[in-house]
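Computed from the coordinates by the stated procedures, all read-outs in this text should not be read as laboratory data. Fair warning: this is a prediction, and the values are worked out from it, not measured in the lab. Note that we place each Cβ from the backbone using ideal geometry, even for glycine, and neighbour counts take in every protein chain shown.
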Amino acid sequence: MPALKPVSPIGGREPKLLTIGQVLNLLRGEFSDLTNSKLRFLEDQGLVTPLRTDSGYRKFRQAEVDRLRLALQLQRDHFLPLKVIKEYFEDLDAGRQPNLPGLPEAKPVRSRAKKLTSLDLVSQSGVNDNIVAAAQDAKLIGAAPYGVNDVEIAKALVELQKFGLTPRHLNALRVEAEREIGIIEGVIKPVLSRKDTSSRARAEYLARQLQELFNTIRNEIIDREIGQIDASSDD
């Protein structure tokens with residue numbers, strides 16, 4: 001895995017400006033699945049802000065190309081969410097000297113291979129046996145031995161109990177998650193069918209991109225509806 005190179009704050013005059021096509025050609029050697037749409041998505045997320053000509057064409061400075069390269073590498077190799085990457089760039093632009101965000105903890109391994117006992121699940125999440133049993137009935141948590149995902153779900157269930165919500169109230173969430181998994185599996189299936197050694201890593205990278213996009217849409221829909229609660233109080 002190539003070493004990560006920190007990027008500089010954007011500022012000052014650049015001697016050369018690149019079109020989106022030139023940027024794509026520069027980066028495709030490292031990121032073979034990169035597309036115009038992906039570059040525009042990273043722009044929409046605020047990671048870079050290319051200049052615009054009078055005709056509306058994008059022009060990228062070298063500092064922005066470096067940012068794109070780093071952002072794509074952090075996504076692919078360390079699975080960092082775009083929100084974390086964006087915050088790193090914002091700190092850099094504000095004159096702070098942040099470290100590259102959370103690399104030691106960011107890998108998806110996250111002790112994923114480690115299996116936990118029922119006692120581990122209870123001690124790490126604060127869940128009780130009744131919630132575990134209900135969560136298993138609702139197919140939110142699997143059977144022992146447990147994984148780190150089970151721990152995080154159990155923690156959330158403990159908090160939701162304070163609102164009077166139990167695992168049986170969350171059936172719709174599970175069903176929707178299974179639908180999203182089905183969509184993701186359909187997208188990455190052609191990648192997994194290839195026999196080269198990088199296929200599984202690339203498939204997981206694509207799957208996590210889709211996961212992040214699904215999360216963005218879901219969160220924005222919910223945020224929009226919650227915003228209506230406050231707006232309705234002004235009527």
Selection from Ala201, Gly182, Leu170 lying farthest towards where the dipole of the range 169-235 points positive, charges on Cβ: Ala201
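Report the FRET efficiency, 1/(1 + (r/R0)^6), for Ala94 and Gln62, where r is their Cβ-Cβ distance and R0 is 22 Å, rounded to 0.05.
0.60
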Reference-scaled alpha-carbon Rg (2.2 N^0.38 Å with N residues) for the range 169-235: 1.58
Magnitude of the charge dipole, the range 109-165, Cβ model with Lys/Arg +1 and Asp/Glu -1, debye to 20: 240 debye
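So which of Lys38/Lys114; Lys139/Lys189; Lys38/Lys115 end up more than 28 Å apart, counting from Cα to Cα? Spell out each step's value before the answer.
Numbers: Lys38/Lys114 34 Å; Lys139/Lys189 25 Å; Lys38/Lys115 36 Å.
Cα-Cα > 28 Å for Lys38/Lys114; Lys38/Lys115; rest within.
Arranged by the count of other C-beta atoms within 10 angstrom, fewest first, what order do Ile141, Ile184, Ile229 take?
Values: Ile141 25, Ile184 18, Ile229 8.
Exposure proxy ranking, most exposed first: Ile229, Ile184, Ile141.
With r defined as the distance between the Cβ atoms of Leu51 and Ser199 and R0 fixed at 25 Å, what FRET efficiency is calculated, to the nearest 0.05?
Values: r = 37 Å, r/R0 = 1.49.
My answer for the efficiency is 0.10.
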Inter-site label distance for Asn25 and Lys115 at 7 Å from Cα along Cβ, in nm: 5.3 nm
